[in-house]
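Here the structure is laid out as structure tokens; the discussion comes afterwards.
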Amino acid sequence: MSDSPAYWIVGPGRIGTALATVLAGIGPVRVIGRRELPADHPIRALEVDYRVDPPGAPPANTRVLLAVPDGAIGSAAAELAARGAPGAGCTALHFSGAQPASRLAPLAEAGYAIGSLHPLQTVADAAHGAERLRGAFFTFEGAASAASAARAIVESAGGRMLEVHGGDKAAYHAACVFASNYVVACSAVATRLLADAVGVSREEAARALQPLWSGAAANLEDPGLPRALTGPIARGDVETVRANLAALDEGTKALYARLGLVALELSRELGLERGAAQAIEEELQKALA
């Protein structure tokens, strides 16, 4: 068994390319895809071995990273397992935040230690994904025998590793959705409302809102929750809340009210006066009726 583990990354997409960038130079890296890559693909600039669906099982001490869409994890695992038993000490990890490590059961039966490793980071494009992974938290779930391989990957990225039980993974992933996807969704609502209110394009509205988004993100880091919250609910300004609700269509009003109830709980933690909190809650609940 070699001292330095080898890495097989299945899938040259955003996560696969980011992983290849992080791991290049740490150990031998092979990236496996289903077709030849275009000349300008970021993988081409890395010192890695790109192969189109090579045959055979990996040699000893190989860490196989399945960087494929959630719906393809099972089939990718089955295809790899069909190649036969791996060399000693091989680990297989997938990178889904929602799917359990048990999706790799065919590989466990073939002799791999299995697990899942999910970055708490958004990777929107292949070219800059590695920058996002560096210093990020990652969450591991799976067999204890796979944890050391997962930890080595996290350490290569300069990150920190959390662990989650399989039964809690759906709730864990919902937390990630709120932290990332729904921030983008709420930003899209804000962009639409501002563009319509002041008569500018959505592109210009997004540029105008950028300092608010950046400021909110900075406040979440320092001073942190709950003091990062600002705005009419935190101030106890029931008249502004009422006016906001009156200006919105029914669907957006319901979204405002649902999120407003969460903001209200944070405001109560901050010491919002009881009468103001009650008045705001009544307005929000009325919008949901």
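The values are calculated or read from the model by the stated rules, or taken from the named source; none is laboratory data. If you're wondering where the values come from, they're calculated on a predicted model, not measured in any experiment. Cβ sites come from the backbone with ideal geometry, for glycine too, and all protein chains shown count toward neighbours.
Taking the stretch 238-260 as the range and being surrounded by 15 or more Cβ atoms within 10 Å (Cβ to Cβ), of a type outside the set (Val, Ile, Thr) and either over 17 Å from Val189 (Cα atoms) or in contact with a Lys or Arg (Cβ under 8 Å, 6 or more places away or on another chain) (or both) as the test, the residues that pass are Arg242, Leu245.
Taking the residues in the stretch 31-56 that are surrounded by 13 or more Cβ atoms within 10 Å (Cβ to Cβ) and out of contact with any Pro (no Cβ under 8 Å at 6 or more places or on another chain) as candidates, determine which candidate is farthest from Ala110 (Cα to Cα).
Here is the first cut: in the stretch 31-56, the residues surrounded by 13 or more Cβ atoms within 10 Å (Cβ to Cβ) are 31-33, 37, 41-43, 46, 48-50.
Those left that are additionally out of contact with any Pro (no Cβ under 8 Å at 6 or more places or on another chain): 42, 46, 48.
Values: Pro42: 32, Leu46: 31, Val48: 26 Å.
Top of the filtered list is Pro42.
In the stretch 70-110, which residues are without any contact (Cβ under 8 Å) to a residue 40 or more places away in the chain, surrounded by fewer than 14 Cβ atoms within 10 Å (Cβ to Cβ) and assigned to a loop (DSSP other than H, G, I, E, B)? Once the filter is applied, which keeps residues that are without any contact (Cβ under 8 Å) to a residue 40 or more places away in the chain, surrounded by fewer than 14 Cβ atoms within 10 Å (Cβ to Cβ) and assigned to a loop (DSSP other than H, G, I, E, B), the stretch 70-110 yields Ala82, Arg83, Gly84, Ala85.
Tell me the residue from Ala113, Ala126 that is in the same structural domain as Pro58 (by TED's automatic domain parsing), touching a residue at least 40 places away in the same chain (Cβ under 8 Å), touching a helix residue (DSSP H, G or I) at 6+ places or on another chain (Cβ under 6 Å) and surrounded by 15 or more Cβ atoms within 10 Å (Cβ to Cβ), please. On inspection, the qualifying residue turns out to be Ala126.
Table: residues versus (1) under 20 Å from Ala124 (Cβ atoms); (2) part of a loop (DSSP other than H, G, I, E, B).
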{"position": "Leu19", "(1), (2)": "yes, no"}
{"position": "Ile32", "(1), (2)": "no, no"}
{"position": "Glu36", "(1), (2)": "no, yes"}
{"position": "Ile43", "(1), (2)": "yes, no"}
{"position": "Arg51", "(1), (2)": "no, no"}
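Among the residues of the stretch 133-143, those identified as outside any strand (DSSP E or B) and touching a strand residue (DSSP E or B) at 6+ places or on another chain (Cβ under 8 Å) are Leu133, Ala136, Ala143.
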